[in-house]
Amino acid sequence: MSSRFRVGARTDVGKVREGNEDGFMARDPLFAVADGMGGHRGGEVASKLALDTLKKAADRSQALPEVVKEANRVVYRKAAADRALAGMGTTLTAILADGEHLRLAHVGDSRAYLVRDGELQRITKDHTVVERMVEEGRITAEEAEIHPQRSILTRALGVEEEVQIDQATIEAHPGDRIVLCSDGLTGMIGEARILDLLDRHEDPQSASDALVDAANEAGGLDNVTVVVIDVVDGDGTGVAAPPAASRRRLPSFVLRVLVPLVLLIAALVSIKQLFIDNQWFVGESNGNVAVFRGIPARPLGLDLATLVEETQVPVASVVTIPAYRDVAEGITASSEEDARAIVAQMEADLAARAAVVPP
Ligand code: MG
């Protein structure tokens with residue numbers, strides 16, 4: 001018997017952002033959430049491009065990891081070809097139904113959850129700096145959920161030519177409910193509340209709506225996207241009875257042991273491909289303006305930046321120009337070239353001002 005699904009989905013701009021850089025796909029056999037980032041319109045382009053590529057490749061019946069790799073290449077090339085889109089990327093959490101098997105591929109900090117036997121189990125790992133700190137025992141999972149730097153990614157689609165993809169297979173049972181969501185949901189409401197809302201709404205569309213509404217009521221600080229997939233019986237007309245206990249043993253082992261193990265191995269392999277190595281910013285070193293590789297934030301004192309060049313331009317004079325007021329905290333750049341262009345602009349602005357200010 002092949003599994004069939006009842007599906008609900010919704011994406012919303014939220015209460016604060018001007019545009020929606022999230023996107024989703026929710027048509028059997030392909031379900032996905034993508035949360036784009038980077039620049040003025042880069043985020044929107046990245047998530048849309050990734051989902052479009054995913055759909056095209058899935059239509060050709062390619063295996064999911066190949067499809068995701070292809071999406072990575074398409075976003076990467078587009079970012080390299082268009083200066084306005086440089087540095088863009090996207091998360092991608094996707095499920096491709098393959099008979100009773102649900103193939104999962106995941107990059108970034110969107111999430112997949114499985115609700116089975118009334119329990120909510122997270123089946124993806126966030127590729128974030130904060131999640132790494134949890135693994136290293138530096139902070140607790142509870143602290144991670146509310147950490148101010150929780151959205152700094154260590155991995156994203158379209159940022160490098162090749163991407164490491166977490167993969168897993170879920171054996172779908174009638175009665176299972178799978179939830180894909182962007183961090184605009186999990187950043188705003190906790191897992192207990194998510195499970196509570198899922199319990200209250202049997203219809204997957206009203207469950208999706210309730211989750212998005214709850215995220216917005218909690219502040220709606222980010223774009224929020226939810227896809228709810230209910231596994232029903234073969235003809236798709238109703239929810240089947242829960243599977244017998246004997247049938248549950250294998251999937252439970254797969255979920256509790258094999259899936260975390262596969263995700264852990266994939267994470268270890270990818271640690272060298274840290275997303276932060278592709279980040280640049282202009283900041284301060286010894287009182288002078290300097291170019292750094294990395295990110296200016298220092299979550300829990302963890303230094304994520306490497307000094308590349310200290311200039312002769314004093315920060316004290318640069319900060320008198322309003323546009324560069326925050327240079328000490330770091331001005332992010334899309335590339336080394338971009339960072340150096342920012343420094344050159346600072347020098348030009350200082351020179352221009354010196355020329356007009358009377359002695
Ligand atoms: Mg987001």
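The values are calculated or read from the model by the stated rules, or taken from the named source; none is laboratory data. Quantities reported herein were computed from a predicted structural model and do not represent experimental measurements. Here the Cβ is made from the backbone with ideal geometry for all residues, glycine too, and neighbour counts use every protein chain on show. These area figures cover heavy atoms from the full protein model, side chains too; ligands, DNA and RNA do not enter into them. Shrake-Rupley method; radii C 1.70, N 1.55, O 1.52, S 1.80 Å.
Computed quantities for the displayed model
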{"read-out": "Every pair of residues 6+ apart whose Cβ atoms lie under 6 Å, when the first sits in segment 304-318 and is open to solvent by less than 30 Å² (accessible area, probe 1.4 Å) while the second is in a strand (DSSP E or B) and among the acidic types (Asp, Glu)", "value": "Val315/Glu284"}
{"read-out": "Members of segment 267-321 that are polar (S, T, N, Q) and modelled with pLDDT of 85 or more", "value": "Ser285, Asn286, Asn288, Thr311, Gln312, Ser317"}
{"read-out": "Pairs with Cβ under 7 Å, 6+ apart, first in segment 18-32 and within 14 Å of Val228 (Cβ to Cβ) and more than 12 Å from the ligand (Cβ to nearest atom), second aromatic (Phe, Trp, Tyr) and open to solvent by 40 Å² or more (accessible area, probe 1.4 Å)", "value": "Ala32/Phe24"}
{"read-out": "Matching option when the condition is closer than 17 Å to Leu263 by Cβ and out of contact with any helix residue (DSSP H, G or I) (no Cβ under 9 Å at 6 or more places or on another chain), among Leu153, Leu180", "value": "Leu180"}
{"read-out": "Considering residues of segment 189-227 that are out of contact with any Ser or Thr (no Cβ under 8 Å at 6 or more places or on another chain) and within 12 Å of the ligand (Cβ to nearest atom) only, the residue nearest to Glu119 (Cα to Cα)", "value": "Ala215"}
{"read-out": "Identity of the residue in segment 206-215, touching a residue at least 60 places away in the same chain (Cβ under 8 Å) and open to solvent by 20 Å² or more (accessible area, probe 1.4 Å), that ends up nearest to Ser182 (Cα to Cα)", "value": "Asp209"}
{"read-out": "Set Ala46, Ala50, Ala71: member being over 26 Å from Glu202 (Cα atoms), away from the ligand (no atom under 15 Å from the Cβ), open to solvent by less than 60 Å² (accessible area, probe 1.4 Å) and touching a Leu at 6+ places or on another chain (Cβ under 8 Å)", "value": "Ala71"}
{"read-out": "From Thr186, Thr169, residue being hydroxyl-bearing (Ser, Thr, Tyr) and within 16 Å of the ligand (Cβ to nearest atom)", "value": "Thr186"}
{"read-out": "Condition met for Asp126 (among the charged types (D, E, K, R), in contact with a His (Cβ under 7 Å, 6 or more places away or on another chain) and within 16 Å of the ligand (Cβ to nearest atom))", "value": "no"}
{"read-out": "Failed criterion for Asp117 (all others in (1) of a type outside the set (Gly, Ala, Ser); (2) on the phi < 0 side of the Ramachandran plot; (3) out of contact with any strand residue (DSSP E or B) (no Cβ under 6 Å at 6 or more places or on another chain); (4) open to solvent by 60 Å² or more (accessible area, probe 1.4 Å) hold)", "value": "(2)"}
{"read-out": "Filter result for Leu197 (open to solvent by less than 10 Å² (accessible area, probe 1.4 Å) and modelled with pLDDT of 95 or more)", "value": "no"}
{"read-out": "Test: Ala81 is farther than 17 Å from Thr124 by Cβ, free of Cβ contacts under 8 Å to residues at least 12 places away in the same chain and open to solvent by 10 Å² or more (accessible area, probe 1.4 Å)", "value": "yes"}
{"read-out": "Looking only at segment 79-101, and only at residues there that are of a type outside the set (Ser, Thr, Tyr) and within 14 Å of Ala34 (Cβ to Cβ), the one that is farthest from the ligand (Cβ to nearest atom)", "value": "Ile95"}
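So that you can scan it fast, the table gives a plain yes or no per residue for (1) modelled with pLDDT under 90; (2) farther than 19 Å from Leu51 by Cα; (3) open to solvent by less than 40 Å² (accessible area, probe 1.4 Å):
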site: Ala141; (1), (2), (3): yes, yes, no
site: His147; (1), (2), (3): yes, yes, yes
site: Val159; (1), (2), (3): no, no, yes
site: Ile170; (1), (2), (3): no, yes, yes
site: Glu191; (1), (2), (3): no, yes, no
